[in-house]
Amino acid sequence: MLTCKTVWRKLAPLARASSTVCRQNVGRAGSPVAHMSTGPAGGGGDNRLYVLLVGAACLGGGVYAYQTVKGDKQRYQERLSEIASRPNKAAAEQPDTFIQLEAPAFVFPCLCVFDFVWWIMLKFNLSHILICRSRSLLFLSGVFVQDLGTDQLPDIADHTLTLSLLCSCSLPLSFSFFLSFLFLHSFSLTLACSGCLIETPAAGTAPSPAKIPSHAPYLLIGGGTASFAAARSIRARDPGARVLIVTEESDLPYMRPPLSKELWFSDDPSVTDTLRFKQWNGKERSIYFQPPSFYISPEDLNSIENGGVAVLTGKKVMHMDVRGNKVQLEDSTEISYDKCLIATGGVPRNLQVIERAGEEVMKKTTLFRKIDDFKALDKVSRNLKSITIIGGGFLGSELACALGRRSADSGLEVIQMFPEKGNMGKVLPEYLSNWTTEKVKREGVKILSEALVKNVTHKDDKVEIQLKDGRVVKTDHIVAAVGLEPNVDLAKSAGLEVDSDFGGYRVNAELQARSNIWVAGDAACFYDIRLGRRRVEHHDHAVVSGRLAGENMTGASKPYWHQSMFWSDLGPDVGYEAIGIVDSSLPTVGVFAKATAKDTPKAATEKSGTGIRSESETEAVATSPVATSPAASPTPAPPAQQQKEDYGKGVIFYLRDKVVVGIILWNVFNRMPIARKIIKDGEEHADLNEVAKLFNIHDD
């Protein structure tokens, strides 16, 4: 179709000549009106051509306006769909309010006045003012289309002005006024129809939430390590799988160990924002498993060609219908599934005396578990004068060392109290627990051992902790690190069995709770063929159990036999790795040697290339032969003179019925496959000193 610009280029010379003739005729008083012809008298060919071209231009303009309105109607529908599907994590449940704007009544009269004035200007050869008229018209159009986002309006205005110019220059006043009004009216109507539906939220309403898929072939409840490991395993075995992770947290899946370890030793003042840290080996990494680009949008889950992993953040599953294969979110949204993984992890425990102490005490208490808890405690440690950590286990001791090092520069008072005689007293033998306690003290931490909390109150903007032996501690803030409670909120609605001894969902050897429901991570209570029924709360277990659950969800049918490990670092210089049942109430045998510069967590990560040590060893297999011997008498405990030694590095064996059921590698790293094989074999050993040699602890 010929555009208006093309028509105008062809008619411009003729229009100028015709306009000149008209002006001459009008200036002759009493003379008859001249015919619009530039040819010799009697020649009508040019006039017929002129009328034909003008008619074609009018017809073309009408067709153009019709197609524009039709196209704008389609864009209007697409605009509605785009607005309705915009994701928003914290969206309110109220829908958006859209206001349909119509062009005000003054628009068309104004356009007519502009056209008439413009026509007069052209008759008096004032066409240079056309630019002003164009800008005025575009200004009026801009009033109504600020937010439309269309790139076609300048062309529409240009073409409309061209048609009006053609009519005004070449036709009598009344007819040109009518056609110019028609074209401008069409342009205004196009504006009103094409985009004046502007997204205008009503007062107090939030943008619409992300569209939640109604069905997910693989639904993973929980956004922690186990869920992420399962998602990757599912995609590895089924490349086209569509996986939906639903998590209460507002963050994408991330690793938890650095929250109490490396992040606290970062020199970057913006670490709470970037959540990037340097590992002991000096390499930098993010706390998140993958960047946002790794995931797809939940609303695209069922439409994208090759599937993917989507994460629905800030949503909690409240009810599970096992028979109907669907779950219900807290906003009553339902999601159906083919196969489901429960990896809800756990929630930090609190002391009842703190819970009963009232709102003021609770405001000054941190239950450390998530990214938000890390950020909050980091802020507290920079602004307050004293922090008291209740708990002497892994988490409490790690946080105590981290905050203790910070106290040297900031003057922060760090207090750690626990009911045991020493740090990690429930895990380590007493002699090693005492040595660890002295290590924590050297980090600047005040230790209160054998401390049982009797009462907690809020006085004079301080938290006062009263112990059963009469001691009183006044502090600005409390960190309760007293264990984890498995999250089994869905057990009742789903009809799943919860273990009465260990907590968590009881699952079979393939981590199944039902035919199409699996459980992994902290919430799974599984049967260990060597050590009996267990529940483990460590990173390595979450990785391996999540990976296996994902494989079994795709039909692998593999049993869970893995002996997961865990590790704890008291800074870059002292750390240990453990496997099996490590309980200080069991008989133990320790074999130690003098440590060297390479026997530290920092040196271990430099050698392995990873700060999350379980990532480098979970797939390894021990190849060294393990010494075996016939049944022998119980191995004696460490000699008394060892109590005063500096336990640089060593191996601690935990025994039950003369069989090794647990091993701690103290400042001995990258030897976990050997320890795993010893436990798997389940043999009795006459001399554990010989077994300790397998770990090369005497090598420099």
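The values are calculated or read from the model by the stated rules, or taken from the named source; none is laboratory data. Quick caveat, the model's predicted, so the values are computed rather than measured. Reconstructed Cβ throughout: ideal geometry from the backbone, glycine too, with neighbour counts over all protein chains shown.
Take the conditions outside the structural domain of Lys375 (by TED's automatic domain parsing), out of contact with any Leu (no Cβ under 8 Å at 6 or more places or on another chain) and assigned to a loop (DSSP other than H, G, I, E, B) and apply them to Ser500. Does it pass?
yes
Filtering region 313-350 to residues that are of a type in the set (A, V, I, L, M) and in contact with a Ser or Thr (Cβ under 9 Å, 6 or more places away or on another chain) leaves Val317, Met318, Met320, Val322, Val327, Ile335, Leu341, Ala343. Listed by position, the helices (runs of 4 or more DSSP H) contained in region 308-413 that have at least 3 residues being crowded, with 16+ Cβ neighbours inside 10 Å are 371-383, 394-410.
Taking each residue of region 500-522 that is in contact (Cβ under 8 Å) with a residue 60 or more places away in the chain and within 16 Å of His541 (Cα to Cα) and looking for partners that are among the charged types (D, E, K, R) and surrounded by 16 or more Cβ atoms within 10 Å (Cβ to Cβ) with beta-carbon atoms closer than 7 Å, six or more apart or interchain, yields Asp522/Glu537.
Taken over region 650-673, the criterion of being surrounded by 22 or more Cβ atoms within 10 Å (Cβ to Cβ), in contact with a Ser or Thr (Cβ under 7 Å, 6 or more places away or on another chain) and more than 19 Å from Asp583 (Cβ to Cβ) is satisfied by Asn667 alone.
Residues of region 416-444 that are surrounded by fewer than 21 Cβ atoms within 10 Å (Cβ to Cβ) and farther than 19 Å from Gly648 by Cα: Pro419, Glu420, Lys421, Lys426, Gly444. Does Glu683 satisfy the criteria of being more than 27 Å from Asn434 (Cβ to Cβ), surrounded by 16 or more Cβ atoms within 10 Å (Cβ to Cβ), in the same structural domain as Ser584 (by TED's automatic domain parsing) and among the charged types (D, E, K, R)? Answer is yes for this residue.
Residue by residue through region 463-489, note down the ones that are in a loop (DSSP other than H, G, I, E, B) and either of a type in the set (Phe, Trp, Tyr) or closer than 21 Å to Tyr527 by Cα (or both).
Hits for region 463-489 are Asn487, Val488.
The set of residues in region 231-274 being touching a Gly at 6+ places or on another chain (Cβ under 6 Å) and either surrounded by fewer than 19 Cβ atoms within 10 Å (Cβ to Cβ) or part of a loop (DSSP other than H, G, I, E, B) (or both) consists of Gly240, Ala241, Thr247, Glu249, Ser250, Pro253. Scanning region 414-453 for residues that are closer than 17 Å to Leu570 by Cα and assigned to a strand (DSSP E or B) returns Val414, Ile415, Gln416, Met417, Val445, Lys446, Ile447. I want to confirm something. Restricting to region 518-550 and keeping residues that are under 22 Å from the mean Cα position of the chain (by Cα), among the charged types (D, E, K, R) and closer than 22 Å to Gly483 by Cβ, which single residue is surrounded by the fewest Cβ atoms within 10 Å (Cβ to Cβ)? Once the filter is applied, the top-ranked residue is Asp540. Would you point out the residue of region 295-344, among those that are within 20 Å of Asn552 (Cβ to Cβ) and small (Gly, Ala, Ser), that is farthest from the chain's Cα centre (by Cα)? Top of the filtered list is Gly307.
Of all residues being among the aliphatic types (A, V, I, L, M) and either part of a helix (DSSP H, G or I) or crowded, with 22+ Cβ neighbours inside 10 Å (or both) in region 686-698, which is modelled with the lowest pLDDT? Just the residue, please. Give the derivation first.
Filtering region 686-698 down to residues among the aliphatic types (A, V, I, L, M) leaves 686, 688, 691-692, 694, 697.
If we keep only those that are either part of a helix (DSSP H, G or I) or crowded, with 22+ Cβ neighbours inside 10 Å (or both) too, we end up with 688, 691-692, 694, 697.
Numbers: Leu688: 93, Val691: 93, Ala692: 92, Leu694: 92, Ile697: 84.
Looking at residues that are among the aliphatic types (A, V, I, L, M) and either part of a helix (DSSP H, G or I) or crowded, with 22+ Cβ neighbours inside 10 Å (or both), I get Ile697.
Quick check on region 496-517: of everything there that is surrounded by fewer than 16 Cβ atoms within 10 Å (Cβ to Cβ) and of a type in the set (Ser, Thr, Tyr), which residue is nearest to Gly346 (Cα to Cα)? Here the answer is Ser500. For region 563-575, the criterion of a residue being of a type in the set (A, V, I, L, M), under 22 Å from Arg232 (Cα atoms) and either at pLDDT below 90 or buried (at least 16 other Cβ atoms within 10 Å of the Cβ) (or both) is satisfied by at least one position.
Check Arg406, Arg442 and return the single one that is touching a helix residue (DSSP H, G or I) at 6+ places or on another chain (Cβ under 7 Å) and closer than 30 Å to Tyr647 by Cβ.
It is Arg406.
If a residue must be surrounded by fewer than 21 Cβ atoms within 10 Å (Cβ to Cβ) and in contact (Cβ under 8 Å) with a residue 12 or more places away in the chain, how many such residues does region 288-303 contain? Adding up the residues that qualify gives 10.
Tallying residues that are at pLDDT 95 or above and not in a helix (DSSP H, G or I) within region 515-530 yields 7.
Yes or no, residue by residue, for (1) in the same structural domain as Gly392 (by TED's automatic domain parsing); (2) hydroxyl-bearing (Ser, Thr, Tyr); (3) at positive phi:
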site: Glu430; (1), (2), (3): yes, no, no
site: Ser433; (1), (2), (3): yes, yes, no
site: Thr436; (1), (2), (3): yes, yes, no
site: Glu443; (1), (2), (3): yes, no, no
site: Asp460; (1), (2), (3): yes, no, yes
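Of the residues Phe228, Phe277, only one is surrounded by 20 or more Cβ atoms within 10 Å (Cβ to Cβ), within 26 Å of Cys525 (Cα to Cα) and hydrophobic (A, V, I, L, M, F, W, C); which?
That would be Phe228, the only listed residue that is surrounded by 20 or more Cβ atoms within 10 Å (Cβ to Cβ), within 26 Å of Cys525 (Cα to Cα) and hydrophobic (A, V, I, L, M, F, W, C).
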